[in-house]
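See structure below.
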Amino acid sequence: SLASKLENIFVFLSKTSFKEDYEEFFSKLLMLTFSLIEGGEYGTILLRTKDELKYVASFGYDVSLLNELNIDLETEEKLVEKGKVKIIESIEAVGLDESQKELAKKLGLDRVKYTITASFFIEDEYYGGIFIDSTKDQNPFTTQDIEVMEAISNLGSLFLRTKKLFEDLENKLKIDSIITEISKNLDFEMRVKNYFKEVFRLLNRTFEYLNSMKVSVEIENRFIHVFACDDSVNVVHSKSSEYTFEEEKEINNFEKIYYEFGKDKIEFALKEGSEQNSDIINQLSVSILPVLKSFFIYKNRAKLFADIMIAFARTIDSKDPYTRTHSENVTKYAYFFARHLGLDKRNLKILVLAAILHDIGKIGVKESILLKNGPLTADEREIINIHPEKGYEIISVIEGLEASAKILRHHHERWDGKGYPDKLKGEEIPYLSRILSIVDAFDAMTTERPYRKALTVDEAMKEIEKNAGIQFDPELAKRFIELKDSIKDALNISIEDILMEILNIGEV
């Protein structure tokens, strides 16, 4: 009876797991339908994959041959109606072309006289259908069969909707997870190539069917193009929004997923046979492009930050023609000495930024005092001596410079406690301040002033040795003297290169 058949469908539904893959579920659904439609001899289920149709289950036919029919989605959509069961008389009604008719004959479809079919829909979009065939001369399908097929149509559509809902949720969780991992574990201070190498590695670990990724972003009317794959990362700066990498020629035939937002663009190439994953890659593209854009915005701001640091230093030094390169020299010596000491990346950055800004507190000191040709009065000396505190006040409120502000505050402290501003003694003085104290004094001694000639490197090193344990940290003084024969090489290093290194704003 119809009631018992509908009960069988309900029992089938209650045992359905939406974790099953499509082919497994629809193979079972086809066999259930055969058990309920008595006039059926052969059967197939056709499903939509993107904009194509594919047979995923059959009874009595060769599935691989069926898929060679290449059933046209647009043609199929014209034959179906949502929620309606149809009985088709002869294969001629399907509208096959001549080559398809030949293949249909090979499959035995030419013997089919009647087909009862029901469609699967998600919302109003056609997603496939079930076809039960009969070779009998008289129509074997009854009104009861039509009602059963309507229930089968609803069941198949329910599975597709629910499965898609689960997949969308799972995809969203995957994407959220990978975006979180990239944001949490990858430092914006990484070099561009290293950053994108890690991004692609993390993406490919989750989405193993990715062949490559290409990103183009606009930063201040220029474009940065990045191509990343398993083997390499290439970066190009250009005035044009379009750029073709040599590696792209090898993937011309791969399916590509594009996403554009304004003038920014991301493209993923998928490995062969992974077209069914295009939906999640579309979602991934939308989510990850803003993250990658933020990386380049940070890099651009870091470059701007470096330019501002250099401008600050040159503004301070320009007040005195005798010390016009003092801040840059001190920075170069600090960098060179820090490398000799094996300073780690974090402390190197703090020291370099402190060095280039160490005299910023002098910005408010009158030129008549700074340029005085002769000894300073007690009042003038007091004004000069507050420049580390003034520098600290200026710099400590700038995000990212708090640690450097502390270092420049104490670069005039002395090992014996007779320095300023806080009269710190020995190891009370921050380690990086002790380094800065030595290189600052060395540049001052080896620079010509109106009231004295510059000391030679040997003479300056002897002064540092003489004042070790008095003005300078004795161990650091000893290590600095080791550089006697090479210290002047520091001045050959570009200040821009130093800042690009410590801020990680180089192109690669």
Condition check for Ile464: within 16 Å of Leu408 (Cα to Cα) and surrounded by 20 or more Cβ atoms within 10 Å (Cβ to Cβ): no
Helices (runs of 4 or more DSSP H) enclosed by region 436-508 - at least 3 residues per element that are within 17 Å of Tyr333 (Cα to Cα) and without any contact (Cβ under 8 Å) to a residue 60 or more places away in the chain: 457-466, 474-481
Conditions (1) over 28 Å from Leu503 (Cβ atoms); (2) modelled with pLDDT under 90; number of the one not met by Ser232: (1)
Residue within region 141-160 that is buried (at least 16 other Cβ atoms within 10 Å of the Cβ) and more than 23 Å from Lys28 (Cα to Cα) present: no
Members of region 412-432 that are under 14 Å from Ile470 (Cβ atoms) and part of a helix (DSSP H, G or I): Gly426
Complete set of residues in region 356-400 that are of a type in the set (S, T, N, Q), at pLDDT below 80 and in a helix (DSSP H, G or I): Ser368
Residue match in region 471-491 (condition: surrounded by 20 or more Cβ atoms within 10 Å (Cβ to Cβ) and of a type in the set (Val, Ile, Thr)): yes
Selected residue (only one of Glu389, Glu459, Glu380 is of a type outside the set (S, T, N, Q) and closer than 30 Å to Leu503 by Cβ): Glu389
The lone exception for His225 - which of (1) assigned to a helix (DSSP H, G or I); (2) free of Cβ contacts under 8 Å to residues at least 60 places away in the same chain it fails: (1)
Matching residues in region 415-430 - criterion: being surrounded by 14 or more Cβ atoms within 10 Å (Cβ to Cβ) and either within 18 Å of Gly361 (Cβ to Cβ) or polar (S, T, N, Q) (or both): Gly419, Tyr420, Pro421, Asp422, Leu424, Ile429, Pro430
Cβ pairs under 6 Å, 6+ apart, first in region 136-147 and under 9 Å from Tyr114 (Cβ atoms), second part of a loop (DSSP other than H, G, I, E, B) and not polar (S, T, N, Q): Pro140/Gly39; Phe141/Gly39
Top-ranked residue of region 112-140 - restricted to ones that are of a type in the set (A, V, I, L, M) and either under 21 Å from Ile9 (Cβ atoms) or not assigned by TED's automatic domain parsing to the domain that holds Tyr22 (or both), ranked as surrounded by the fewest Cβ atoms within 10 Å (Cβ to Cβ): Ile122
Residue check, Phe254 more than 25 Å from Met500 (Cα to Cα) and aromatic (Phe, Trp, Tyr): yes
Selection status of Ala302, surrounded by 15 or more Cβ atoms within 10 Å (Cβ to Cβ), modelled with pLDDT under 85 and within 23 Å of the chain's Cα centre (by Cα): yes
Region 1-50, residues that are of a type in the set (Ser, Thr, Tyr), over 30 Å from Gln138 (Cα atoms) and part of a helix (DSSP H, G or I): Ser14, Tyr22
Subset of region 166-216 [loosely packed, with under 12 Cβ neighbours inside 10 Å, among the acidic types (Asp, Glu) and either on the phi > 0 side of the Ramachandran plot or in a helix (DSSP H, G or I) (or both)]: Glu170, Asp176
Region 72-109 - residue that is at pLDDT 70 or above and either within 25 Å of Thr142 (Cβ to Cβ) or assigned to a loop (DSSP other than H, G, I, E, B) (or both) and, of those, farthest from the chain's Cα centre (by Cα): Glu89
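The values are calculated or read from the model by the stated rules, or taken from the named source; none is laboratory data. Quick caveat, the model's predicted, so the values are computed rather than measured. No Cβ is skipped: glycine too gets one built from the backbone with ideal geometry, and neighbour counts run over all protein chains shown.
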